[in-house]
Structure formats: structure tokens, C-alpha cells
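Right, one structure below, let's go through it.
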Amino acid sequence: MPAVFAFSEALILGLASGPACVASCGPVLVPSLLAERSGMRLNSRYLSAFLATRLLGYLLFAAVAWEVGALVSLPSPARSSLFAMIHLLLAGVLLRYAWSVGRACNHACGSPELVTIGGAGRHRIPGAAVLGFLTGISLCPPFVAAGVRAAEAANVAAAMLFFAVFFLGTSVWFVPFAGLGWVRRNEAVTTVARMAMVLIALYYFYAGLMTLIRRTTHGY
Amino acid sequence: MATKVLVAREPRSVGRSFLLTLPIALWSALMFAPIFREASRPARIAEVMTGIFMVVLFFMMMRTWSTYRWRRWFFVAMGLLFPVGFIHQVMVMRGTMGIPIEEMIAGRTPFCFIPIPLLILPAAFTKTVVFPGSILPNGGMSGGGMAAMVGIWLAITIVVGKGWCSYACFFGGIEEGMAAVPAKAALRKIDSRWRYGPWAVLLAMVLLSLALFEPAYCMWLCPFKAVSEYVAARNAIGMIQNGIFIVLFTALVIALPLLTKKRTQCAFFCPFGAFQSIFNKMSVFQVKIDKTRCTPCVLCQKSCPTMALNDESIAKGETLMSCMKCGACVDACPKDAAVWHIRGTEVAVKPERARLMFLYAAWAMAIMFGGRIIAGGLATILHLFV
């Protein structure tokens, strides 16, 4: 019975926090999804990759949260550093993604594949997967709230299960984004998405850098 | 197609021009005549001067059949005098151009129309307006709240569409003035993809406003903060913000218009312009290209200050949705192929009637909104001498 209660709590927490998660991930998700080619199937694949790696991030976070007794109890400088690193990584990946979209369109516009980033050949991975993972470990407020509850779980498996159910609750809010597959992609849409990614990347870069500077100069 | 052949552009007779100007003169008198309100002597002089200025410009539009060059006088005057009046008001009320955090917390930040699109998503998701101003009057510097500004914007936009950007926006005048300075553009080749810039800024700022719960454009990217109301630089973040405002203003409003003879901030950056383009689809007034007359010499394309015409759009006989209805292409066309048009009517049938109907609406709005800004700026200057 307590287990059912805990999972209901996780699901409701996820459903209630969904809009905040969408708002937090929107700057990453929307332009990168618009930069892909149109089609419900491709866009659903993008969302699947994004959500799957986001779940991976959640589970990793759950394990760490249980292990260290919730990230909220981490010393503030360490949390700041983690936060800054995630922002800087997001900035780098978004810039790389925007650049890769240009290359993908120049060379294989008809290809029904997701835009990939990374090294050459088999080492390339879908950008959606990297972005999903990075947003999955971002410390947004609902995520931290779930982390506190997960830290109180009896064992690491229970903590991870709590986060998995929490993830299900939040993911409901991401499903409508598959509808962006109906938006017809042309040069205008792709260019707007790429330019927006660059702008958002600049913001994340600034946010990460400022956090690091503040941590160095003020110690928090 | 029943196409009316236009006569060569002989000036319209003085009497007829006067008659056509009469409704605007009456409206201007209603807005600016000193008998209708108590005001200081400089303010009354400024209002009379503004009223006469607006009526004379409209008369010249009627007499010469030309729109763009006369509208530009008004627009540049508004652009230059807005900071004069606004900064004076800010200095009197607050003693500084910088807005301190206390004022923001108290909800006394003056509201302009540019954040309107940034407020929609946060309001839809959380029923919260993410702007540190007041919804109702007595909040901002001018005493008018957000509701008044949104109401004025909506009423005007429904009628003139993106004409707002050429007849009401108090920011675009400075760059239009700068673009008018050089005889020829030094930088002529502009990648057409920059036209998508405003949409990208709009997308990024709408998403960031929702994520950060603040009007991201006002906080980080508005070039006009440099000449209106900057962030009180009490720490490094404030200094960075102000640095961004100054760099953007210098580049987009001063340097690039001088080099390109285009309104570069409006054409390549302004997110509100992109948002406003959507409303161009519902406005009854349009600019069309009469394909039976078009040669095409692309003079319209070259004259457009916002690159709202390209080869494809000319071939289709229309402008792009970013057209601001400034009239530059209509005035530049030697064949009268670029014409004013009312949606639902045949193209190039009585285009002058369409121009008149548009101008009555747009100029009435310009007098009411821009005229007051011009009068306010002039009064500030006259206070120094009278």
C-alpha cells in the first residue's frame, strides 16, 4: 500500500510539474525539433530519442540523489558548478546541432534520418538524444522536489522507480510536441530554428559562464 | 481585367488637396487645439506646431501623390523626439535613466508594446504577466498601464496590420533617419536569409521568457534601452546588459542603416515586427503588384527598406508578409504597378482610393499616438527657451 501511495505521488507530482518541465525544456526542444525535417514519424522518433535519454538522465539523477541524500544537500559551490557545466554543455551542443542541420540539409535533405552530431561515421549520435540527456539532468525546481522525495526512498531501486513514474507524469506534457511534425519545413522554418538555437545557446553560454565566475569570485 | 490607366503624376490641385486634407485637419485640431486642455505655454506651442506639421505633411501627400517621403518626416521626428520627452520624464520622476530594482518590484516599469508577444505563453501557462509593470493605469511613468497599451495596439493593428511599424512605432524613426542620410548604400549585397532574423528572435525570446519567467527581450536584447531606460548598473550583470543594449543600438540602429540604407533593426531583428507580420494577414489594406504593368525593373525591391519584396513575391504580384506599408515601393515604381489595395477588391482598380482609405486610418492613428509623442518631445525642448 505505501508503494502504491508513493507511485501515485510520483505520478501526480510529474503531471503537476509537467508545464514547468515543458517551460524549462522548451528553449531546447522546440527549435531543435523544428530544425528536423517534417513528418509525424520522424518527429515522433525525435521525441522518443529525446524522452528516452531524458529518462536515462532522470534515473542517473535518482541513483545519485539516493546515494548522496539528494542533490539539495550538496554544498552550494558544487551545485553551482554542476549547473554551470550543464548550461555550457547545452550551449555547445545547440551550436553544434545548428551547424549540423545546415550540413544535413546541404548533403542529404531527402534522408529520413534524425540530425546527428559528434564524430565521424558510426560515432555520430542523434542530437535529440544528447539534448534529452542534458535536459534530463538539469536541476529545474520540480526535478529537485522529486529528488528530495527520491532520497527518502528505502533503496536505490525504489528511488529510481519513483523517478521513472515521475518521468511518465511529466512526459504526458511532451506528447503534443509531436504535432510539430505537421509544420511544413522549408528554408524559412529551418533557418529560423537554427538562428533561434544560436541565440538560445548564447544565453546558456552566458548563464553557465556567469555561474562559474560567481562561484569563483563569491564562492556560491 | 478592368485596369484603370493612371494619368502621369501631375500634382493634384491645391483646392482638391485641401478638401482631401480637411478631415485630417479637423482631427488634428481636435487633438492639438489649445482650447481643449489646460497646458503650459511651451506645451501649447508644441501642440500647435505638431498639429500644423501633421496637417501639412498630409496635405503634401495628397498634393504630390507620394506617401513615403512625407511619412518619413513624421516618422523620423517621432523617433528622435520620443527619447527627448521620455528621458526628460524619467529624469523628473526618478532622477536617473536607469531603472532600479525597487521600481521593478513596485511594478512601476513603463510598458511598451514590444513585450506583448513575450507575455502570451507565460500568461497561458500560469495566468501570470511576466513584466514588472502595472496592468491598470497609475503603474508606469506615463500613468498608463499595460491594458491601455495592449488595447491601443490591438485596435490599431486590426485596421492597419503591420502598418503599425511605419506609423506608430516610436523606435523605428531613428534608423529610418539614419538610412536616409547616405545617397547610396555602401553595403548592397545582403543575404536574404537575414529576413528570418526577427522570427528567430521572436521564437527564442518567447521560449526563454517562458523558461526564465521574465520578458527576456527587454532584459537582454532591446537596442532601444540605450536611448530610453537602461538597467541600473549596480553589478556586473547590469553592466553586461547595458553593454549589449549599446552594442546592438550602435550596430542595428546607427551603423547598419547608414551602410545599407535599410531599416536593419526592423528588418532583421525586431521580434515584435515578426509578431506583427501575422496580423498583416487580417488587415484589409495591402500593397500589391499589378502584373500587367510590371516590367519588372525591381526598383520596388531596391527601394523597400525592410526587404519585403523579392523576385518570387513580385512574380506573384504581392509583397511578403513583412511589408510595413510605408509606401516606398509604390512611390518608386515608374509604371504605377505597385499599388495600394483593399482586400477583396480587384488589383489596381482605383488604387488611389485604397491609398486614401489607408492613409486616413493610418494618419489619424499617427496624429493621436505619434503626434502626442512629437508634441511631448517638442515641449521638452521649448521649455528650455520659452
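Just so you know, all these numbers are worked out from the coordinates, no wet-lab data involved. This structure is a prediction, so every number in the text was calculated from the model and none was measured. We place every Cβ from the backbone using ideal geometry, glycine too, and count neighbours over all the protein chains shown.
How high is the relative contact order of the range B:285-349, given as a whole-number percent (alpha carbon pairs under 8 Å, six or more residues apart)? Let's see the in-between values first.
On the way: 101 pairs, mean separation 30.5, N = 65.
Normalised by residue count, the contact order of the range B:285-349 is 47 percent.
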Checklist entry - With labels modelled as points extended 7 Å from the Cα through the Cβ direction, what inter-label distance (nm, one decimal) is found for B:Phe18 paired with B:Ile101? => result 6.3 nm
Checklist entry - Can you give the net charge of the other residues whose Cβ lies under 12 Å from the Cβ of B:Pro182, counting K and R as +1 and D and E as -1? => result +4
Item to check | Cβ-based charge dipole, chain B, positive-most Cα from B:Val129, B:Gly15, B:Trp73 | outcome: B:Gly15
Next on the checklist: How charged is the neighbourhood of A:Ser81? Take every other residue with its Cβ under 14 Å from the Cβ of A:Ser81, and add Lys/Arg as +1 and Asp/Glu as -1.
Outcome noted: +3
Next on the checklist: Working only with C-alpha atoms, what are the Rg and Dmax values of chain B, expressed in angstrom?
Outcome noted: 21.1, 67
Checklist outcome for this item: Here, trypsin sites (Lys or Arg not before Pro) of the range B:122-203 satisfying both criteria (DSSP loop; at most 11 other Cβ within 10 Å) are B:Lys127, B:Lys184, B:Arg188, B:Lys189
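Report the Rg/Rh value for chain A, based on alpha-carbon coordinates and the Kirkwood definition of Rh.
Working: Rg = 18.1 Å, Rh = 18.1 Å.
Reported Rg/Rh, Kirkwood definition of Rh: 1.00.
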Next on the checklist: Can you pull out the trypsin sites (Lys or Arg not before Pro) in the range B:312-386 whose DSSP state is coil and whose Cβ has at most 13 other Cβ atoms within 10 Å?
Outcome noted: B:Arg343
Checklist entry - Among the trypsin sites (Lys or Arg not before Pro) within the range B:8-114, which fall in a DSSP loop and have no more than 13 other Cβ atoms within 10 Å of their own Cβ? => result B:Arg9, B:Arg37
Item to check | Peptide A:179-192 - average C-beta neighbours from other chains (10 Å radius) | outcome: 2
Checklist outcome for this item: Relative contact order as a percentage, chain B, C-alpha pairs under 8 Å and 6+ apart, gives 24 percent
Checklist entry - Using the Cα atoms as the points, what is the convex hull volume per residue of the protein assembly as shown in Å³? => result 184 Å³
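Using only alpha carbons, build the gyration tensor for the range B:124-228 and give me the equivalent ellipsoid semi-axes, biggest first, whole Å. Walk me through the numbers on the way to the answer.
Numbers: eigenvalues 168, 75, 42 Å².
Each semi-axis is √(5λ); the values are 29, 19, 15 Å.
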Next on the checklist: Rounded to whole Å, give me the distance from the Cα center of the range B:254-321 to that of the range B:165-210.
Outcome noted: 12 Å
Checklist entry - Which of B:Ala232, B:Ala332, B:Ala308 moves most in a GNM of chain B, Cα contacts under 10 Å? => result B:Ala232
Next on the checklist: Only four residue types carry charge here, +1 at the Cβ of Lys and Arg and -1 at the Cβ of Asp and Glu. Report the dipole size of the range B:285-349 about the Cα centre in Debye, rounded to the nearest 20.
Outcome noted: 40 debye
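In what order do A:Tyr204, A:Tyr46 fall by count of nearby beta-carbon atoms within 10 Å, going from fewest to most? Mind showing how you got there, number by number?
Details: A:Tyr204 23, A:Tyr46 28.
So the ranking, lowest neighbour count to highest, is A:Tyr204, A:Tyr46.
Strictly over 22 Å apart at the Cα level, which of B:Lys302/B:Lys350; B:Lys184/B:Lys350; B:Lys189/B:Lys291; B:Lys288/B:Lys350; B:Lys261/B:Lys350 would you flag in this model?
Details: B:Lys302/B:Lys350 25 Å; B:Lys184/B:Lys350 33 Å; B:Lys189/B:Lys291 26 Å; B:Lys288/B:Lys350 13 Å; B:Lys261/B:Lys350 31 Å.
Flagged as over cut-off: B:Lys302/B:Lys350; B:Lys184/B:Lys350; B:Lys189/B:Lys291; B:Lys261/B:Lys350.
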Checklist entry - In the protein assembly as shown, with Lys and Arg counted as +1 and Asp and Glu as -1 at Cβ, which of these residues, B:Gly327, B:Met91, A:Leu34, has the Cα nearest the positive end of the dipole, that is, farthest along it? => result B:Gly327
Checklist entry - With contacts defined as alpha carbon pairs under 8 Å and 6 or more residues apart, what's the relative contact order of the range B:98-283 in percent? => result 31 percent
Item to check | A:Leu60-A:Ala3 pseudo-label distance in nm [points 7 Å out on the Cα-to-Cβ vector] | outcome: 2.8 nm
Next on the checklist: Quick check for me: using +1 on Lys/Arg Cβ and -1 on Asp/Glu Cβ, what's the dipole size of chain A about its Cα centre, in debye to the nearest 20?
Outcome noted: 600 debye
